[in-house]
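This report concerns only the one structure given below.
Each reported figure results from applying straightforward, stated rules to the coordinates on display, with no laboratory input. Just so we're clear, the structure is a prediction, and the values are computed from it rather than from any experiment. For neighbour counting, all protein chains shown are included, and Cβ atoms are generated from backbone atoms with ideal geometry for every residue, glycine included.
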Amino acid sequence: MHVPVQAIDREIWRDGVASEGTRLIPEETPLALTYNGGTYAVMMGTPQNLEDFAVGFSLDEGVIKSVDDFKSLEVVRLDDGIELRMWLDEEKAARINERRRHIAGPTGCGICGIDSIAEAVRPAAVVPPGQTFTPEQIMTAMHSIAPLQSINVQTRAVHAAAFWSPSNGIVALREDVGRHNALDKLAGALARSRTEASGGLVLLTSRVSVEMAQKTAAIGAPVLVAVSAPTALAVRTAEAAGITLIAIARSDGFEVFTHQGRITARRAQEIIDVVA
C-alpha cells in the first residue's frame with residue numbers, strides 16, 4: 001500500500017480484559033532510488049513527500065550539487081514498492097557508478113551500503129558563522145513541531161525534521177518512519193523551494209547520530225536542535241562543521257554541545273538598541 005497511514009484491526013488487552021478495535025499505524029514501503037536506470041539504494045520509508053526525499057537524498061549523498069542538476073524526476077508506484085527514477089547528464093551518472101550502493105537499507109538507515117570506513121566518516125561541509133539565536137527562540141521553535149506532525153498525531157510512531165526561521169516560524173516539516181529519511185525529505189523541500197538555510201534552525205524529534213550532523217551541514221543550517229542526546233561522533237562532526245549542536249531539548253530547557261556562541265541571552269539587534 002502506498003498511503004502513509006493504515007487502519008489495522010487488532011485485539012486489545014487492558015486490565016485482563018480483551019476487546020477489539022483498529023489502530024492507525026504508519027506505512028513502511030521499499031523506496032528504490034535509481035539514477036539513469038541503475039539502482040543506487042533501496043530504503044524503507046513512509047510513502048509521502050517522495051520528490052522531496054529523492055532530491056534531499058541526492059543532495060545529502062553528494063550525487064548532485066543543486067536541484068537543477070536533475071534532467072527529470074519521476075515517482076513510479078509499483079505493486080511491491082516505489083521507484084524514484086532520476087536522470088542526470090552522463091558525466092554525473094558515470095560518477096555515481098563508481099560509488100553505487102549495493103545493500104538495501106532498513107528503516108531510516110543513514111549509511112547502509114557504504115563499503116569503506118572513510119566514506120562513512122567523511123568530513124561534513126563547513127557552515128558559515130550565521131546569526132545568533134536566543135534561548136526563547138530555541139524553545140519556541142521546538143514547541144512548534146508537535147501540532148504540525150500530522151502523521152505522528154495519528155500514529156505516535158514517526159520522526160519529524162523541520163526548519164524554523166525567526167521571521168517565518170516553521171518553514172517546512174517532513175515526517176517518516178526513519179529519522180534519516182525525514183531529514184532527507186526536509187533537505188529536498190528546502191532545496192526545491194530555494195529556501196536559504198543559513199538563517200534558521202534544523203529541528204529533530206530524534207537522537208543525533210553522525211549522519212544527522214552531516215546532513216545538516218549539507219543543508220547549510222548553522223544550528224541543529226534535537227529532543228534526544230547526540231553520539232560522541234556527532235558532536236565531533238558538528239564541531240568540525242561549525243554547527244551549533246543543541247540536544248536534549250525538552251520543555252524545561254536544552255543542552256548546547258558545540259559552538260555555544262550562537263546562543264545568546266539577547267539578539268544582537270536588541271543589544272544595539274539598548275546601547276543606543
What is the spin-label model distance, in nm, from R85 to D252 if the labels are put 7 Å beyond Cα along the C-beta direction? 5.5 nm
Taking amide hydrogens as modeled 1.01 Å from N in the peptide plane, which residues meet the under 5 Å criterion relative to I263, leaving out close sequence neighbours? F133
Apply the Karplus parameterisation 6.51 cos²θ - 1.76 cosθ + 1.60, with θ equal to phi minus 60°, to every residue of the range 208-225 and state each ³J(HN,Hα) to the nearest whole Hz, in sequence, with x for glycine and proline. 10, 9, 4, 5, 5, 5, 4, 5, 5, 5, 5, 5, x, 7, x, 9, 10, 10
Return the sequence-ordered ³J(HN,Hα) values of the range 173-185 in whole Hz as given by the Karplus equation 6.51 cos²θ - 1.76 cosθ + 1.60 applied to θ = phi - 60°, using x for Gly and Pro. 9, 10, 10, 6, 5, x, 5, 5, 4, 4, 6, 4, 4
Highest to lowest packing among 202-210, 134-142, 74-82, scored as the average C-beta count within 10 Å: 202-210, 134-142, 74-82
Between L78 and A265, how many nm apart are label points set 7 Å from Cα along the C-beta direction? 6.0 nm
Over the chain, the sum of -39500 (n - 2.57) across DSSP H runs of at least four, divided by residue number and rounded to 500 deg cm²/dmol, gives at 222 nm -8500 deg cm²/dmol
If you rank R174, R156 by fewest surrounding Cβ atoms within 10 Å, what's the result? R156, R174
In a Gaussian network model over the chain where Cα atoms closer than 10 Å are linked, find which of E83, E11, E28 has the largest mean-square fluctuation. E11
Show the residues, 5+ positions off or on another chain, whose built amide H is closer than 5 Å to the amide H of L88. N36, K71
How would you classify the range 135-270 from its alpha-carbon gyration tensor, with a ≥ b ≥ c the square roots of the eigenvalues: rounded for a/c under 1.5, else prolate if a/b is greater than b/c, otherwise oblate? rounded
The summed charge of the N152 Cβ neighbourhood (under 15 Å; Lys/Arg +1, Asp/Glu -1) stands at +1
The distance between the Cα centres of the range 168-208 and the range 11-75, in whole Å, is 15 Å
Can you tally the net charge around G242? Count Lys and Arg as +1, Asp and Glu as -1, for every other residue whose Cβ sits under 14 Å from the Cβ of G242. +1
Expected vector for the range 48-60, Karplus 3J(HN,Hα) from phi with 6.51, -1.76, 1.60 and θ = phi - 60°, integer Hz, x for Gly and Pro, equals 8, 6, 6, 4, 4, 4, 4, 5, x, 4, 5, 5, 5
Can you give the Kirkwood hydrodynamic radius of the range 118-199 from its Cα pairs, in Å with one decimal? 14.2 Å
Can you list residues whose amide H is under 5 Å from C109's amide H, if they're 5+ apart or on another chain and H is modeled 1.01 Å from N? M44
Mind telling me which of E20, E239, E175 comes out most flexible in a GNM of the chain, alpha-carbon contacts under 10 Å? E20
